[in-house]
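The values are calculated or read from the model by the stated rules, or taken from the named source; none is laboratory data. Just so it is clear, the model here is predicted, and its values are computed rather than measured. Neighbour counts are summed over all protein chains in view; Cβ atoms, including those assigned to glycine, are modelled from backbone coordinates with ideal geometry.
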Amino acid sequence: MKDKIHKLKIRAIDRGIFEDIKNGLKKIETRAAIAGYCKIKKGDKIVFVCGQEKIEKKIEEAALYKNIGDLFKHYGVKDIFPRLTTVGEATKNIIVFLTIAKKLRSLA
């Protein structure tokens, strides 16, 4: 089966995240396990888009975790959130992103 290309938008307000990906500081991208994201597989490509700028990355690994705690058993905070230091800070950040995503889906 041919590898797919997935487009992931990053809001302008989250430009720092885009820059961290671009500069190699953010090594792990996390997304809620909704239907579209569950289709992303190892070997696929992701095109991150922020404004007019794009970055293309090849997926080295794709995994689903039952909860945030399981995620942090496998990855360090700095790999996912280079600007944060604790699991507590990272968990709050993930909850904020999930809340925003849910609100945006309800507006669609």
Practice problem: Could you check, for region 60-79, whether at least one of its residues is in contact with a His (Cβ under 7 Å, 6 or more places away or on another chain), under 15 Å from ILE5 (Cα atoms) and either modelled with pLDDT of 95 or more or not small (Gly, Ala, Ser) (or both)? | Solution: no
Quiz prompt | Residues (under 12 Å from the mean Cα position of the chain (by Cα) and among the hydrophobic types (A, V, I, L, M, F, W, C)) located in region 8-48 | solution = LEU8, ILE10, ILE17, PHE18, ILE21, ILE28, ALA32, ALA33, ILE40, ILE46, VAL47, PHE48
Quiz item: Just to be sure, is PHE18 closer than 24 Å to LEU84 by Cα and in contact with a Cys (Cβ under 6 Å, 6 or more places away or on another chain)?
Solution: yes
Self-check item: region 68-106, subset touching a residue at least 12 places away in the same chain (Cβ under 8 Å) and of a type in the set (Ser, Thr, Tyr), residue nearest to LEU25 (Cα to Cα)
Solution: TYR75
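Here's the yes/no breakdown for (1) of a type outside the set (Gly, Ala, Ser); (2) over 24 Å from TYR65 (Cα atoms):
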| residue | (1), (2) |
| --- | --- |
| LEU8 | yes, no |
| ARG11 | yes, yes |
| GLU29 | yes, no |
| ALA32 | no, no |
| GLY36 | no, no |
| GLN52 | yes, yes |
Practice problem: Within region 15-23, identify whether any single residue is modelled with pLDDT under 95, part of a loop (DSSP other than H, G, I, E, B) and within 18 Å of ASP79 (Cα to Cα), and answer yes or no. | Solution: no
